[in-house]
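Worksheet for the structure shown next.
The values are calculated or read from the model by the stated rules, or taken from the named source; none is laboratory data. This is a predicted model, so every value here is computed, not measured. Please note: Cβ atoms are built from the backbone with ideal geometry, for glycine as well, and neighbour counts cover all protein chains shown.
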């Protein structure tokens, strides 16, 4: 009898652990962490290298909650196509790990509400940009544009820009040229990044009728669009130094990162395959990370 009770307890503990992991997967921490990093860097830049722990702490908490909440809503809204796509069919809702999809929606709305309340301790601009970021990812991109327009990742890219603007305004409650330019860099970077992923997942997107650019115009033409857009992004990333907003450490990092991502773009042009697209996608993410590391170093040395 004791053994039976112990076995039942073990099963319940294991089930609880699996359910907890399923709910954690809803949060998409691989997206949350980079967004929080971007916001934190901008908060430090806004403070001219000073680290205001109270403000940054609230920013990290609010930004993380909002990003995770929007991710939960994305899981809920995309549950039908996630069940069909090879890449996403093992996500918590289509796999059955979370039996009631409404759980994800309620969790998402609750997290976003907590984010807004937390950000309210900073200022109204930070609240606005944190709320807009969640709205653009879950509402504008996922609900409205993703299945309707090839411009989905272009317009939806404003969600990433909101992380920049929220980070800056958490410390400096007024907007200036610096955060606007950096937000524009992120906005311009976003399409190339996700079009590379879309080449890799073209068959999946075609299967569910999502009009990603490679589905509509093919891999080779998309590779040319990616290259053109990346050139514009790299050129724009040099402008903050030219205008005196960042110094030599930033410029050096932006140039090195730009060279690496453009070289990857050339490889994709020569061979617009899924494997090269995946490599380009990963290097594109590294590019943006290096640019923000350059901003961080430039502001603190």
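Among residues of the stretch 219-254 being part of a loop (DSSP other than H, G, I, E, B) and in contact (Cβ under 8 Å) with a residue 24 or more places away in the chain, the one that is surrounded by the most Cβ atoms within 10 Å (Cβ to Cβ) is 246. Scanning the stretch 120-136 finds no residues that are in a loop (DSSP other than H, G, I, E, B), crowded, with 23+ Cβ neighbours inside 10 Å and in contact (Cβ under 8 Å) with a residue 24 or more places away in the chain. Every condition in (1) surrounded by fewer than 16 Cβ atoms within 10 Å (Cβ to Cβ); (2) at pLDDT 95 or above; (3) in contact with a helix residue (DSSP H, G or I) (Cβ under 7 Å, 6 or more places away or on another chain) is met by residue 275 except one, and the failing one is (3).
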